[in-house]
1. Here are some conditions: (1) in a helix (DSSP H, G or I); (2) closer than 21 Å to residue A:253 by Cβ. Residue A:226 meets all but one. Which one does it not meet?
2. Picking from B:20, B:58, which residue would you name as being surrounded by fewer than 17 Cβ atoms within 10 Å (Cβ to Cβ), within 14 Å of chain A (Cβ to nearest Cβ) and either acidic (Asp, Glu) or within 14 Å of the chain's Cα centre (by Cα) (or both)?
3. Among (1) surrounded by fewer than 22 Cβ atoms within 10 Å (Cβ to Cβ); (2) touching a helix residue (DSSP H, G or I) at 6+ places or on another chain (Cβ under 8 Å); (3) closer than 18 Å to residue A:66 by Cα, there is one condition residue B:47 misses while meeting the rest; what is its number?
4. Before we move on, is residue A:212 within 21 Å of residue A:156 (Cβ to Cβ) and not aromatic (Phe, Trp, Tyr)?
5. If you scan segment A:77-105, which residues turn out to be within 12 Å of chain B (Cβ to nearest Cβ), under 24 Å from residue B:62 (Cβ atoms) and either in contact with a strand residue (DSSP E or B) (Cβ under 7 Å, 6 or more places away or on another chain) or free of Cβ contacts under 8 Å to residues at least 24 places away in the same chain (or both)?
6. Run residue A:77 past the list (1) of a type in the set (Lys, Arg); (2) under 35 Å from the mean Cα position of the chain (by Cα); (3) outside any helix (DSSP H, G or I) and report the number of the one that doesn't hold.
7. For segment A:1-50, which residues satisfy the criterion of being in contact with a strand residue (DSSP E or B) (Cβ under 8 Å, 6 or more places away or on another chain), modelled with pLDDT under 90 and hydroxyl-bearing (Ser, Thr, Tyr)?
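The values are calculated or read from the model by the stated rules, or taken from the named source; none is laboratory data. These figures come from a predicted structure and were not determined experimentally. Methodologically, a virtual Cβ is constructed for each residue, glycine included, from the backbone with ideal geometry; neighbour enumeration extends over all protein chains shown.
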Amino acid sequence: MSENEKDMWDASRDPRWTSLILDSIGDGVFTVDREGKITSFNRAAEEITGFSREEAIGQYCHEIFRANICFEDCPLRRTAQTKERIVNLEVTILSKDNREIPISISTAQIVDEQGQVIGAVETFRDLSLIRQLQEEVSGRYRFEDIVSRSKAFSRIFQVLPDIAQSDSTVLLCGESGTGKELFASAIHNLSKRCKGPFVKVNCGALPETLLESELFGYKRGAFTGAVVDKPGRFKIAEGGTLFLDEVGDLSLGTQVKLLRVLERKEYEPLGGIKTERADVRIVAATNLDLEELVARKRFREDLYYRLNVVRIDIPPLRERPEDIPLLIEHFLHRLNRKMGKQVRRLSDKALQILLDYTYPGNVRELQNILEHAMILCKGVEIQPRHLPAYLTRRTPLTSPPRSQTLAGAEILREKEKEAILSVLQRSSFRLSEAAKDLGIHRSTLWRKMKRLGIEKPRSVAKSQ
Amino acid sequence: MKVAVLRYRERVAPRYGFSEDALIVDLVGNEARDQEVIPLRGWFPYEIPKLLKEKGVEVVIAGGINGVFQEMFRSFGIEVVWGFIGTPEEALAAFSMRGTGGWRVPCGRRRARRRLGQRNRSFGKEVK
C-alpha cells in the first residue's frame, strides 16, 4: 500500500469521512435508529425537505419527512422489520414550507457487527422536475396547485369541492390566462370521476367540420379517407370529464349537437346509425361574455342555460394584486427547478414594477415575464433590467399607481389597449409573436384588438 | 377561544391530510377548559374546515399543511398556526405564550414523552 493509499485508508475510518461523502452526493440520505428517530441527515436532504440537520436530528422521521406513505405503511419500519429492501418507490413529501415534493425512495437495514438491526437508511431523489414536466404535458392539475390568498378566491375554495362532488355541468368564466384549465382539472380530480379520463377540447382551435368529428368521432366510410372507426372525445372521456375550452367559439351548428348531448346524454358519430350514450361530465370554459353572445344571437340561449348550471367566475389578476407576490414565489420555485437556476428573489424596484402592472394576459403573462427575466438573470436577484422592456419603459413614464389604474373600467380599458399596442408595435404587428409575448392565445389577442378598436396599420398590412 | 390541535398518534399531525383526530380545547387565558376529541378519519381534507367551524373553532394548530387548505380554513374564519412538531400539550402551551403571530418554525428538539417502542411500533422488531 502506497503512502497516499494508506492516508486515504486512515481517513476513511474517520466518522467525519462518511459525513463528507454523504454531503457530497446529490441524493437525500438520512438514517434512523430503532425508534425511528433521525440520526443523520445529509446536505441534499436539507435542501429537498427544507429542514436543517439541527432541526431534523432527534425527531421522528415521519414528523420531518412527512411522506404520504409514512402514515400508511412506513417503508423504513417495513425494511427494519422484514429486511425487505425498497427500491425507487415514488411518494410525496411535504417540505418545511408546505410544498408537496414528489420523490423516489429506497431503503435498507443497518446492522451492527453482531448482525443486530440498529436502524435503517433511506435515500431519496427529488422528482419535482419530472413531475412538473408531466403535469405540463398532460395538463392535469390538482386542487392543491391553485395558488391564491385573495378574498376573491376564498368563496371559490369553499364551494369548489362541493361543486366537484356533484355531477353537474360547470361553466368557468374568466379572462384568458386566469387558469380556467387548472380549475377544470382540479374539479375533475376532486370529483367521483377522478379515476376516469380528463379530456380537453379547444373549441376555438378547430374548424366546424373537424370539431364535430373530433367531439363525436366517425365510422368507417363516413367520408373519403375515413378508413377506420375513430372514437370521438366524448367516447374517450367515457366515465371521466370532458373539458370544452373556448366554448363561446362554437359554431351554431355544433351548438345544436352539443345541446342534444347535454339534454339527452346521447350522440351519434358521423356516419353512424347507432346512438351512443355519453357518460361524461362536462366542464366548459370561456373568456367571452356569453350573455352578450346570446343577445347577439351568436350563442344559443338553450345551450347557455344548459352549460350555466354551476358557474364559477375566476377573477383576473388585476383584481387580486395580493396574489402577485405569492405567484412570483411559486413561479420562481417552478422555473428554478425547470431551468436549473438559483434565482431567489426580485429586487424591490423589480417587484414594484410587477406590482404596478395590470396584466392583460393575467397569470400566464406573469409567468412569461418571470421566465423572460430568469433567462436574462445570471445571479440570484432579478433586477428591473431583466424584465421585458415594455414593462420598464412604460412604468416610470405612464403607469400610475395601481390604486389609480383601478379607478374605472374605462381607465382599465385604456391601459389594456396601451399594453397591447406597445407589444404589437414591438413585434411589428405580428400577431403570433405579440400573443406569445403577452402570454395569451393568438385568437384572444385578435378578439381583444377587435374589442379595443386596434387595427393593423395599412403599411404593415401591405408589407405582410 | 376554541383551539383545535390536529393530531396523529397523539402528537401534532405532521401532515394535515393524515390527521387522525382533532383535540378541541376551550382556552381561557392560559388555562385549557372543556376538551373534546373529534375523529377526522373518513373526512376529506376539504370538509374538515366546515366541520371545525360548526364546532366553533377559531384557531387550528397543525404541523404541515398545504397553502390551499390554509386558505380554506381562513375562508371559514379560522386562523391556522402551522409548523409545530411535538405533543398537543406543548403546542397549546406555545400557542398560549405566542398567539397566532410569528410562529412559523418547528418548536425544535423536544423529546417525545412516549416512545414508539411502548406503542408496539419499534424498529427492527422481527415480524413473525
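1. (1)
2. Working: B:58 fails: within 14 Å of chain A (Cβ to nearest Cβ).
From the options B:20, B:58, the qualifying one is B:20.
3. (3)
4. Working: within 21 Å of residue A:156 (Cβ to Cβ): no; not aromatic (Phe, Trp, Tyr): yes.
Considered against the rule, which asks whether it is within 21 Å of residue A:156 (Cβ to Cβ) and not aromatic (Phe, Trp, Tyr), residue A:212 comes out as no.
5. Answer for segment A:77-105, where residues must be within 12 Å of chain B (Cβ to nearest Cβ), under 24 Å from residue B:62 (Cβ atoms) and either in contact with a strand residue (DSSP E or B) (Cβ under 7 Å, 6 or more places away or on another chain) or free of Cβ contacts under 8 Å to residues at least 24 places away in the same chain (or both): A:91, A:92, A:93, A:94, A:95, A:98, A:100, A:101.
6. Among (1) of a type in the set (Lys, Arg); (2) under 35 Å from the mean Cα position of the chain (by Cα); (3) outside any helix (DSSP H, G or I), residue A:77 violates only (3).
7. Correct list: A:19 only.
Yes/no per residue for (1) in the same structural domain as residue A:115 (by TED's automatic domain parsing); (2) within 19 Å of residue B:9 (Cβ to Cβ); (3) buried (at least 17 other Cβ atoms within 10 Å of the Cβ):
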position: A:18; (1), (2), (3): yes, no, no
position: A:30; (1), (2), (3): yes, no, yes
position: A:44; (1), (2), (3): yes, no, yes
position: A:61; (1), (2), (3): yes, yes, yes
position: A:70; (1), (2), (3): yes, yes, yes
position: A:85; (1), (2), (3): yes, no, no
